[in-house]
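The values are calculated or read from the model by the stated rules, or taken from the named source; none is laboratory data. Note that the structure is a prediction, hence the values are computed from the model and not measured. No Cβ is skipped: glycine too gets one built from the backbone with ideal geometry, and neighbour counts run over all protein chains shown.
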Amino acid sequence: MRPRIVSALAVAATLALALTGCGIPADPDGSLDRITGGVLRAGASPSGNLVMVDGDEVSGVLPEVIEDFAAARDARVEWTVDSEEDLVDDLASGRLDVAVGGMTAQTPWAEQVSVTRAYPELPGANGADVVILLPMGENGLQAAIEGFLDEEVG
Amino acid sequence: MRIDAVGRTDLPDQQREALRSAVRWEWFTIGYTTVTIVLIALVVGGSQAMKTAWVEDMLSLIPQISFLLALLFIRRRPTRAFPYGLHRVMGVGHLVAGVALLTIGGSLAVESVVGLVKAEHPAIGTVRVFGATVWLGWFMVAVMALVVVGPFFYGHAKAKLAPVLHNKVLYADADMAKADWTTTVASIVGVLGVGIGLWWLDGVAALFISAGIVWDGIKNARTAILDLIDQRARTQDDSGAHPLIGRIVQRLEELPWVDEAAVRMRDMGQVFHVEAFVVPRRRKVRVRELDEARRAVAEIDWKMQDVSIVVVPALPKEATNESVVA
């Protein structure tokens, strides 16, 4: 039984890999399609070296990741600097596509927004389970960002 | 065959073998289900359909556990404190299983409706396996496709044993196992729906699964309650009055001293409690004749756990006196 399970899993995994390119998972609200070649509306909340805000300038490890992700998709980033709660509100009401700050996998906002996998290997994270927040259930966008981060830091 | 003062207390070989087999299948089911619960836990993610299927898996353990627990009790012989034996424990277990399915299924149904009304989009992220980023939904589909096979085997095996043992818990358990694939397919449809961007398909699948749980709860609680309030004994699938009632009437009316007979028979859970009313042809009845009548009834079937013969001048209306009942 066990070798059969393993081979079934292997077949499923291969199938999954083959189908990942075919637009599954897709976004219910089409975020990733809209962003690609367009505008990525990103929110930032200052947090140590991860997110630094100086006037209108947003810098740090996480904004860099977002800028790189956008660049890979021919998109321009529009930054909004606000408190975490306001960023979460904006994500939930569809005014933002991503939000970065010092949020970790333990974030209480997980009820209202999607939370990516944790990336403690990010420089400046100091081993904390750093995550990125997304609109709830935009799974295509989440898979794209997680895949991008896996390539960058994984 | 052992017939003592009130009825039969032994199990014939065929039933003994069926019971052993049922116990083995129940333990196998518990083991199998535990493995599936752990597997699903690894991939459950943000899908309401997966969560519902997962809880359903846990709930499906209740009938097996109550069957095995009840067996410990119904094997005990009657005592002065419990003169009818402890057979009703099976019915109590059945009721507990039914009520648990009903309440938890109901709360899951409410949860999925609330999710649909509030348009909560289920979030299913990715996992990293061997250097590749794979959508977790594919693992959900893979796990559900793996666990779909088990219930087919044990469902049909138990469905064959339930009529032999006249055990309603076993019958209900088998019935649920045979329908389990609909749950699994629904959760796969829900997850794939999320995959192609149809967020509501997840909630609809969850609602479908929880409605199935509620329906199982209603069926089980209803059957258990009807037996606990002593309805006329019915077949294990509850499709009609038990044919043994007619055979008892027939057997008693064959006796030369009996003019007519009627029966009240209730299901104690696996065995029956029989009260047979007889109107004698003459005014005098011998003790020996009565004892023979009781023995004749007990010999008809192993389920005649408890038989009393009551001599009456006229048959009570609520007792059944047809020789063929349906």
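Odds and ends about this structure:
- The set of residues from segment A:113-129 being of a type outside the set (Gly, Ala, Ser), crowded, with 17+ Cβ neighbours inside 10 Å and touching a residue at least 24 places away in the same chain (Cβ under 8 Å) comprises A:Val113, A:Thr116, A:Arg117, A:Tyr119, A:Leu122.
- Candidates B:Val38, B:Val23, B:Val43, B:Val110 - the one that is within 14 Å of another protein chain (Cβ to nearest Cβ) and surrounded by fewer than 16 Cβ atoms within 10 Å (Cβ to Cβ): B:Val38
Listed here are the residues, each with its yes/no results for (1) at pLDDT 95 or above; (2) within 10 Å of chain B (Cβ to nearest Cβ); (3) surrounded by 13 or more Cβ atoms within 10 Å (Cβ to Cβ).
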residue	(1), (2), (3)
A:Ser7	no, no, no
A:Val11	no, yes, no
A:Ile24	no, yes, yes
A:Val53	no, no, yes
A:Val58	no, no, yes
A:Pro63	no, no, yes
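- The criterion of at least 1 residues that are touching a residue at least 60 places away in the same chain (Cβ under 8 Å) and among the acidic types (Asp, Glu) is met by the following strands (runs of 3 or more DSSP E) wholly inside segment B:220-326: B:258-267, B:304-311.
- On the stretch given as segment B:125-137, residues that are facing another protein chain (nearest Cβ under 7 Å) and either in contact with an Asp or Glu (Cβ under 7 Å, 6 or more places away or on another chain) or free of Cβ contacts under 8 Å to residues at least 40 places away in the same chain (or both) total 7.
- Residue check for B:Ala211: under 25 Å from A:Val115 (Cβ atoms) and modelled with pLDDT of 95 or more: no
- Against the numbered list (1) under 25 Å from B:Tyr32 (Cβ atoms); (2) away from chain A (no Cβ under 14 Å), B:Met140 comes up short only at (2).
- Tally, over segment B:136-179, of residues that are assigned to a helix (DSSP H, G or I), more than 19 Å from the chain's Cα centre (by Cα) and of a type in the set (A, V, I, L, M, F, W, C): 11
- The number of residues in segment B:146-188 being within 14 Å of another protein chain (Cβ to nearest Cβ) and free of Cβ contacts under 8 Å to residues at least 24 places away in the same chain comes to 2.
- If you go through segment B:189-219 and pick out every residue that is within 12 Å of chain A (Cβ to nearest Cβ) and either among the polar types (S, T, N, Q) or part of a helix (DSSP H, G or I) (or both), you end up with 9.
- Filter result for the condition that a residue is at pLDDT below 95, of a type outside the set (Lys, Arg) and surrounded by fewer than 16 Cβ atoms within 10 Å (Cβ to Cβ), over B:Leu72, B:Leu86, B:Leu59: B:Leu72
A quick yes/no check of all residues on (1) assigned by TED's automatic domain parsing to the domain that holds B:Ala123; (2) within 28 Å of B:Met268 (Cα to Cα); (3) under 17 Å from the mean Cα position of the chain (by Cα); (4) in contact (Cβ under 8 Å) with a residue 60 or more places away in the chain:
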| site | (1), (2), (3), (4) |
| --- | --- |
| B:Trp27 | yes, yes, yes, no |
| B:Ile40 | yes, no, no, yes |
| B:Gln48 | yes, no, no, yes |
| B:Glu56 | yes, no, yes, yes |
| B:Gln64 | yes, yes, yes, yes |
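- Qualifying residue in segment B:120-135 (condition: part of a helix (DSSP H, G or I) and assigned by TED's automatic domain parsing to the domain that holds B:Gly193): no
- From the list B:Asp267, B:Asp238, the lone residue that is surrounded by 23 or more Cβ atoms within 10 Å (Cβ to Cβ), in contact with a helix residue (DSSP H, G or I) (Cβ under 6 Å, 6 or more places away or on another chain) and more than 21 Å from B:Val312 (Cβ to Cβ) is B:Asp267.
- Number of the condition not met by A:Ser83 [criteria: (1) under 19 Å from B:Glu120 (Cα atoms); (2) among the polar types (S, T, N, Q); (3) away from chain B (no Cβ under 14 Å)]: (1)
- Extreme residue, modelled with the lowest pLDDT, among residues of segment A:99-117 that are more than 14 Å from chain B (Cβ to nearest Cβ) and closer than 11 Å to A:Glu84 by Cβ: A:Gly102
- Matching entry among B:Glu56, B:Glu26 (being of a type outside the set (Gly, Ala, Ser), in a helix (DSSP H, G or I) and over 30 Å from B:Trp302 (Cα atoms)): B:Glu56
- Hits in segment B:128-162 (condition: of a type in the set (A, V, I, L, M), surrounded by fewer than 17 Cβ atoms within 10 Å (Cβ to Cβ) and closer than 27 Å to A:Ala118 by Cβ): B:Val129, B:Ala132
- Set side by side, the residues A:Glu138, A:Glu121 differ, and just one is closer than 18 Å to A:Gly94 by Cα and either more than 8 Å from chain B (Cβ to nearest Cβ) or touching a Ser or Thr at 6+ places or on another chain (Cβ under 8 Å) (or both), which is A:Glu138.
- Residue that is nearest to A:Ile35 (Cα to Cα) [pool: residues in segment A:52-70 that are assigned to a strand (DSSP E or B) and in contact (Cβ under 8 Å) with a residue 12 or more places away in the chain]: A:Val58
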